[in-house]
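For reference, the structure is listed below as structure tokens.
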């Protein structure tokens, strides 16, 4: 069987990128609704800014691997848990991490 190139729409469907994007928007909302987050050195604001930039990059995705930061943030020991905690947002964190992990495992992409 010949190797077929997927269209952007097919690629997004195959890797559930619309669902990933929706979950990332939900995570962003959870993050923004928390006004009790504090870490010295501007960590929270830096994270919120970086998160928004990655979300924007994914929304305007051009085919290059941009998942590294998101993958790292949503690992079971990532920054998401440091900021939000283990219980709040756990379901959305798991969905985000699992989608990206499957994509990385299948495509063989590693930063």
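Observations on the structure shown:
- Test: residue 36 is surrounded by fewer than 11 Cβ atoms within 10 Å (Cβ to Cβ) and at pLDDT below 80: yes
- Filter result (at pLDDT below 90, surrounded by 13 or more Cβ atoms within 10 Å (Cβ to Cβ) and either under 14 Å from the mean Cα position of the chain (by Cα) or closer than 19 Å to residue 83 by Cβ (or both)) within region 1-19: 15, 16, 17
- Which numbered condition residue 56 misses (of (1) at pLDDT below 85; (2) under 17 Å from residue 20 (Cβ atoms); (3) surrounded by fewer than 14 Cβ atoms within 10 Å (Cβ to Cβ)): (1)
- Output for region 83-93, where each listed residue is in contact (Cβ under 8 Å) with a residue 12 or more places away in the chain and either in a helix (DSSP H, G or I) or surrounded by 15 or more Cβ atoms within 10 Å (Cβ to Cβ) (or both): 83, 84, 89, 92, 93
- Residues of region 59-74 classified as surrounded by 11 or more Cβ atoms within 10 Å (Cβ to Cβ) and out of contact with any helix residue (DSSP H, G or I) (no Cβ under 6 Å at 6 or more places or on another chain), total: 5
The values are calculated or read from the model by the stated rules, or taken from the named source; none is laboratory data. Keep in mind that this is a model prediction, so the values were computed, not measured. Counting neighbours? That spans all protein chains shown, and the Cβs are built from the backbone with ideal geometry, glycine included.
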